[in-house]
1. How about the range 76-90: which of its residues are in contact with a Lys or Arg (Cβ under 9 Å, 6 or more places away or on another chain) and without any contact (Cβ under 8 Å) to a residue 60 or more places away in the chain?
2. With the requirement that a residue be surrounded by 19 or more Cβ atoms within 10 Å (Cβ to Cβ) and farther than 14 Å from residue 63 by Cβ, what does the range 9-35 give you?
3. Touching a Pro at 6+ places or on another chain (Cβ under 7 Å), within 22 Å of residue 92 (Cα to Cα) and not in a strand (DSSP E or B): does that describe residue 40?
4. For the range 46-80, what are the residues that are aliphatic (A, V, I, L, M) and either surrounded by fewer than 13 Cβ atoms within 10 Å (Cβ to Cβ) or at positive phi (or both)?
Amino acid sequence: MLTRTREIADQLSFTFDGETMWAERGETLALALLAAGVGVFRKSAVGGVPRAPYCLMGVCFECLVTVDGVQNRQGCLIEVREGMVVASQKGARALMERGCK
């Protein structure tokens, strides 16, 4: 991962795919991940193509991640919280976990 080019004023920590990341209070998850050098947020449901944020305003859905066990969260619309556990999303969300058959 890359390091930020400036100091973080009000620092928070979170994990992404098991790696500790740092963010500034008030940043969105997508911004914090991009600032940390993360280039792939998820893999598409069709073909497993790597995807990353595009619009950063909640329209394109390319920044979907799993946050604290909840899938299909838009990283560009979620403010980073201390200790949040984030994972890249691989393919379509899992329906079996919720009892759907």
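1. 79, 89, 90
2. 12, 14, 21, 23
3. yes
4. Matches in the range 46-80: 46, 49, 56, 57, 59, 70.
Okay, residues lined up against (1) at pLDDT 95 or above; (2) among the basic types (Lys, Arg):
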{"residue": "1", "(1), (2)": "no, no"}
{"residue": "14", "(1), (2)": "yes, no"}
{"residue": "22", "(1), (2)": "no, no"}
{"residue": "51", "(1), (2)": "no, yes"}
{"residue": "75", "(1), (2)": "yes, no"}
{"residue": "86", "(1), (2)": "yes, no"}
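The values are calculated or read from the model by the stated rules, or taken from the named source; none is laboratory data. Because the structure is predicted, anything quoted here is derived from the model rather than measured. As a convention, Cβ positions derive from the backbone with ideal geometry for all residues, glycine included, and neighbour counts pool all protein chains shown.
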